[in-house]
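A.B. asks: Got a structure for you, written out below as structure tokens; questions coming shortly.
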Amino acid sequence: EINEPCDLVIFGAKGDLAKRKLLPALYKLEKSKKIHENTRIIGAGRANWSIQEYRKIVENEIKTFLNEEIEDYIWKKLSTRLYFCNIDVFEKLHFLRLKKILQQKKNIMIYYCAVPPNTLNAIFKGLGDSNLNSLPARIVLEKPLGVCLKTSQKINNQISKYFLESQIFRIDHYLGKESILNLLALRFANSFVFNNWNNQTIDHIQITVSEEVGIEGRWNYFDGMGQMRDMVQNHLLQILTIITMDQPNSITSENIRHKKLNILRALNPININNINIKTVRGQYSSGVIKGNKVPAYLEEHGANKNSQTETFVAVEANINNKKWCGVPFYLRTGKRLACKYSEIVIVFKKIPINLFQNSNLKLLENKLIIRLEPNANIKLNFFNKIPGLDQEYKLDNSQLEYNCFHKKSIDAYERLLLESMRGIQSLFVCRDEVEEAWKWIDPIINAWKQKDSSILQLYMSGTWGPEDSNLLLSRNNHVWHKYN
Ligand code: BG6
């Protein structure tokens, strides 16, 4: 076990992320005995809680947000690790309070910034000015890192004054998901996949991340972002790079990041010249999801009725390198769609000569369907002769259920917290990746703002998005693989 004793400081201890994700994940890590004996967890924030009060608050939060019964002896163990530091990050001297707690032990410091972006710089500076930033201290950042290239560079420049890149752990929680990690094994350890992963064999690839939820009371956050910045800039581009990157020399952060960067740099630009044929954007109107009536985006709590923010995006991305040129990558993601699922569909090229022209099946199209969530599985469809005297054929699936291993699946935050305690960066995003992603996203968002660009289309909640999302594919004689 490479896990060393840490002092994990959670800035934003009172916030949503800490409650919903971080504390339940820490409980689970405690349960799997992954946290070092001497590790401490220090909530930090403006509240004036005593340690006892904080422990009680966390207990209640874990009881609310953990999706299993809390076990007494595990909670007791976790609870003795918990401390609280009253700190207003805009008050320089308050950092000395934190320093005092940290100096009691010589543990590795990990600062988890679960705070709004406008407090980040004060934290970087406060830690730096109080000498709490030297190696081996680490700092964990949540998305969004800026809203465009410029603002993201600003944050990256601010943090780099106090922390080295090797100390910075930028979270994209999709990288902690079990089924996303399995993509590396699928691609680089199976010869039939490895040898057929290029534009000679693959016709096109579809990536869908469909959400059922709306904006969950986050109007102020979401309306300034939109689905493009909230989901495509990070999660969908991460999936795209993992599915297309060349084989890294080894599974280390440096090698993987380098290969992913090559893909981001090879993305063909989308701008005002091709915006109308390469993108579709939509906003949900009211509708019914699983029998429940849901309001339109513009009727959400706190809504500005003139908002042009997109809650759905479909994009055709193209990668300009030898391996992938000519292969369209269709990415789509939206809120309030018919159901929550994410999937990658690899559609293989048809065989040039079809010997079965006269059979009942006209379309010989093999697909590899990788369901990421829920119930991760991998399906490959085959053309088979149906037993019998007639010449009848059927495309059938062979299917690997990912839960066939009978192992409990690890929550993304559980894994990422553990990796940050271990100091391993491969599941985190580096500065260059974030900035390269913005370089591709910015011109799209700018083009949308221009007058002659594609208009925002309304789609009814509970559907698969605006009609034009189908047009995006039918232009190339493709269709979205149906959810089933
Ligand atoms: C977050 C976005 O990063 O990912 C949310 O800010 C989104 O808007 C969420 O709903 C989706 O995550 P998951 O793990 O539920 O697919």
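The values are calculated or read from the model by the stated rules, or taken from the named source; none is laboratory data. The structure displayed is predicted, hence computed values, not measured ones. Note: ideal-geometry Cβ built from the backbone for every residue, glycine included; neighbour counts use all protein chains shown.
A.B. asks: Can you go through I256, I239, I243, I272 and tell me which one is within 16 Å of the ligand (Cβ to nearest atom) and farther than 15 Å from P466 by Cβ? Walk me through it before giving the result.
C.D. replies: Values: I256 fails: within 16 Å of the ligand (Cβ to nearest atom); I243 fails: within 16 Å of the ligand (Cβ to nearest atom); I272 fails: within 16 Å of the ligand (Cβ to nearest atom).
I239 is the lone residue from the list that is within 16 Å of the ligand (Cβ to nearest atom) and farther than 15 Å from P466 by Cβ.
A.B. asks: Moving to a separate point now. Of these, D16, D7, which one is crowded, with 20+ Cβ neighbours inside 10 Å and acidic (D, E)?
C.D. replies: Values: D16 fails: crowded, with 20+ Cβ neighbours inside 10 Å.
Only one candidate passes the filter, namely D7.
A.B. asks: Restricted to segment 197-229, and to residues that are more than 30 Å from N306 (Cα to Cα) and buried (at least 16 other Cβ atoms within 10 Å of the Cβ), which residue is farthest from the ligand (Cβ to nearest atom)?
C.D. replies: First, the residues of segment 197-229 that are more than 30 Å from N306 (Cα to Cα): 197-207.
Narrowing further to those that are buried (at least 16 other Cβ atoms within 10 Å of the Cβ): 197, 199, 202-207.
Values: W197: 25, N199: 29, I202: 25, D203: 27, H204: 23, I205: 19, Q206: 17, I207: 13 Å.
My answer is N199.
A.B. asks: Still on this structure: From the list S179, S152, exactly one residue is polar (S, T, N, Q), at pLDDT below 95 and either crowded, with 16+ Cβ neighbours inside 10 Å or in contact with a Gly (Cβ under 7 Å, 6 or more places away or on another chain) (or both). Which is it?
C.D. replies: On the way: S152 fails: at pLDDT below 95.
On inspection, the qualifying residue turns out to be S179.
A.B. asks: If you go through segment 163-176, how many residues are crowded, with 16+ Cβ neighbours inside 10 Å, more than 14 Å from the ligand (Cβ to nearest atom) and assigned to a loop (DSSP other than H, G, I, E, B)? Before you say what the answer is, go through the steps one by one.
C.D. replies: Residues of segment 163-176 that are crowded, with 16+ Cβ neighbours inside 10 Å, as a first pass: 163, 167-176.
Subset that is more than 14 Å from the ligand (Cβ to nearest atom): 163, 167-169.
Imposing the further condition that a residue be assigned to a loop (DSSP other than H, G, I, E, B) reduces the set to 163.
Final tally of qualifying residues: 1.
A.B. asks: Limited to segment 332-379, what total is found for residues that are within 16 Å of the ligand (Cβ to nearest atom) and either under 19 Å from the mean Cα position of the chain (by Cα) or more than 28 Å from N182 (Cα to Cα) (or both)?
C.D. replies: 19
A.B. asks: Another question about this same structure. Pairs please, first residue from segment 230-259 and over 18 Å from T333 (Cβ atoms), second anywhere and small (G, A, S) and assigned to a loop (DSSP other than H, G, I, E, B), Cβ atoms under 7 Å, 6+ apart in sequence or on different chains.
C.D. replies: If the second residue must be small (G, A, S) and assigned to a loop (DSSP other than H, G, I, E, B), the pairs left are I251/S426; T252/S426; S253/S426; I256/S426.
A.B. asks: Among the residues of segment 160-198, write down those that are farther than 20 Å from K125 by Cα, out of contact with any strand residue (DSSP E or B) (no Cβ under 6 Å at 6 or more places or on another chain) and among the polar types (S, T, N, Q).
C.D. replies: N182, N190, S191, N195, N196, N198
A.B. asks: Taking the condition hydroxyl-bearing (S, T, Y), in a loop (DSSP other than H, G, I, E, B) and farther than 30 Å from T463 by Cα, does S420 pass?
C.D. replies: On the way: hydroxyl-bearing (S, T, Y): yes; in a loop (DSSP other than H, G, I, E, B): no; farther than 30 Å from T463 by Cα: yes.
Spelling it out, it is not the case that S420 is hydroxyl-bearing (S, T, Y), in a loop (DSSP other than H, G, I, E, B) and farther than 30 Å from T463 by Cα.
A.B. asks: Does N484 qualify as being exposed (fewer than 14 other Cβ atoms within 10 Å of the Cβ), in contact (Cβ under 8 Å) with a residue 40 or more places away in the chain, away from the ligand (no atom under 16 Å from the Cβ) and in a loop (DSSP other than H, G, I, E, B)? Let's see the steps before the verdict.
C.D. replies: Details: exposed (fewer than 14 other Cβ atoms within 10 Å of the Cβ): yes; in contact (Cβ under 8 Å) with a residue 40 or more places away in the chain: no; away from the ligand (no atom under 16 Å from the Cβ): yes; in a loop (DSSP other than H, G, I, E, B): yes.
Judged against the criteria, N484 is not a match.
A.B. asks: Can you pull out every residue in segment 278-290 that is modelled with pLDDT under 95 and closer than 21 Å to K439 by Cβ?
C.D. replies: none
A.B. asks: Next question. Which condition number in (1) at pLDDT 90 or above; (2) within 14 Å of T279 (Cβ to Cβ); (3) crowded, with 17+ Cβ neighbours inside 10 Å is the one that K449 fails?
C.D. replies: (3)
A.B. asks: State the number of residues belonging to segment 308-331 that are in a loop (DSSP other than H, G, I, E, B), among the hydroxyl-bearing types (S, T, Y) and either away from the ligand (no atom under 16 Å from the Cβ) or out of contact with any helix residue (DSSP H, G or I) (no Cβ under 9 Å at 6 or more places or on another chain) (or both). Don't jump to the end; show me each part of the working.
C.D. replies: From segment 308-331, those in a loop (DSSP other than H, G, I, E, B) are 308-311, 320-327; that's our starting set.
Now narrow it down to the ones that are among the hydroxyl-bearing types (S, T, Y): 309, 311.
From what's left, either away from the ligand (no atom under 16 Å from the Cβ) or out of contact with any helix residue (DSSP H, G or I) (no Cβ under 9 Å at 6 or more places or on another chain) (or both): none.
Here the count works out to 0.
A.B. asks: Scanning for something surrounded by fewer than 22 Cβ atoms within 10 Å (Cβ to Cβ), within 30 Å of M225 (Cα to Cα) and either within 16 Å of the ligand (Cβ to nearest atom) or of a type in the set (S, T, Y) (or both), does segment 89-99 turn up at least one residue?
C.D. replies: Restricting attention to segment 89-99, the residues satisfying the condition of being surrounded by fewer than 22 Cβ atoms within 10 Å (Cβ to Cβ) are 90-94, 96-97, 99.
Pick out the ones that are also within 30 Å of M225 (Cα to Cα) and you get 90-91.
From what is left, the residues that are either within 16 Å of the ligand (Cβ to nearest atom) or of a type in the set (S, T, Y) (or both) are none.
No - not one qualifying residue is present in segment 89-99.
A.B. asks: So which residues in segment 142-183 are among the small types (G, A, S) and in contact with a His (Cβ under 9 Å, 6 or more places away or on another chain)? Talk me through it step by step, then tell me what you get.
C.D. replies: Step one: filter segment 142-183 for residues among the small types (G, A, S), giving 146, 152, 160, 166, 176, 179.
Those that are among the small types (G, A, S) and in contact with a His (Cβ under 9 Å, 6 or more places away or on another chain): none in segment 142-183.
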